[in-house]
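Read the structure below first, then the notes.
The values are calculated or read from the model by the stated rules, or taken from the named source; none is laboratory data. Since this is a predicted model, take the numbers as computed values, not measurements. Heads up, the Cβs are rebuilt from the backbone with ideal geometry, glycines too, and the neighbour counts pull from every protein chain shown. These accessible areas exclude ligands, DNA and RNA; they are computed on the full protein's heavy atoms, side chains included. Shrake-Rupley method; radii C 1.70, N 1.55, O 1.52, S 1.80 Å.
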Amino acid sequence: MTRAVLSAGSNVGDPLAHLRSVVDGFADELVAASAVYATPPWGGVDQEDFLNITLIVEGDADAREWLDRGFELENAARRTRDIRWGPRTLDVDVISVTDASGVVVSDDPALTLPHPRAAERAFVLVPWLEVEPDATLWTPSGERRVTDLVDELDAAERDAVRVVDRLTGRTR
């Protein structure tokens, strides 16, 4: 049994429908899903704002299986990987995974865990706090409270993350 934090984003086509497909795709394992947040693009590529959600899921999947499930949803949304940090129909990232031993830490280039840039991204941290106010994230300097990481972000970046919709009120 593992628990995973997933972040999904979309800014091409019908972003709400793409995010709904992620909630639906993980429905059997879904513990919580954040509201939908509009966020400015990250990484310097000129493009539309993203819609983002964070999900907490639990199930009999290992970290790689959570990633593969995300890839299946990306493929169903016809995701292409033309420009790093560029526009996309759907992006599903595995942010953190815990199992019976604790936080899964991996430097595998195919799946680095916890996500190496999660601590720097308001569009990951702010929605995560909504669904897990006591969340912690393992970082190279040790386990950190997500609320402290959010407080350390640039205020303009943090304040630019805003709720725009809610796909589900379901929490188990």
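At-a-glance table
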{"quantity": "Residue check for Ala118: touching an Asp or Glu at 6+ places or on another chain (Cβ under 7 Å) and among the hydrophobic types (A, V, I, L, M, F, W, C)", "calculated": "no"}
{"quantity": "Every residue from the stretch 13-37 that is among the aliphatic types (A, V, I, L, M) and either assigned to a loop (DSSP other than H, G, I, E, B) or touching a Pro at 6+ places or on another chain (Cβ under 7 Å) (or both)", "calculated": "Ala35"}
{"quantity": "Contacts under 6 angstrom Cβ, first residue in the stretch 3-18 being in contact (Cβ under 8 Å) with a residue 60 or more places away in the chain, partner in a helix (DSSP H, G or I) and aromatic (Phe, Trp, Tyr), 6 or more apart", "calculated": "Ala4/Trp66"}
{"quantity": "Positions within the stretch 131-159 being farther than 20 Å from His115 by Cβ and either open to solvent by 60 Å² or more (accessible area, probe 1.4 Å) or in a loop (DSSP other than H, G, I, E, B) (or both), in sequence order", "calculated": "Ala156, Asp159"}
{"quantity": "Of all residues in the stretch 58-87 being touching a helix residue (DSSP H, G or I) at 6+ places or on another chain (Cβ under 8 Å) and farther than 23 Å from Asp107 by Cβ, the one that is modelled with the lowest pLDDT", "calculated": "Ala77"}
{"quantity": "Enumeration of residues in the stretch 18-40 that are more than 14 Å from the chain's Cα centre (by Cα) and modelled with pLDDT under 95", "calculated": "Pro40"}
{"quantity": "Count of the stretch 19-47 residues which are small (Gly, Ala, Ser), free of Cβ contacts under 8 Å to residues at least 60 places away in the same chain and under 17 Å from Pro87 (Cβ atoms)", "calculated": "2"}
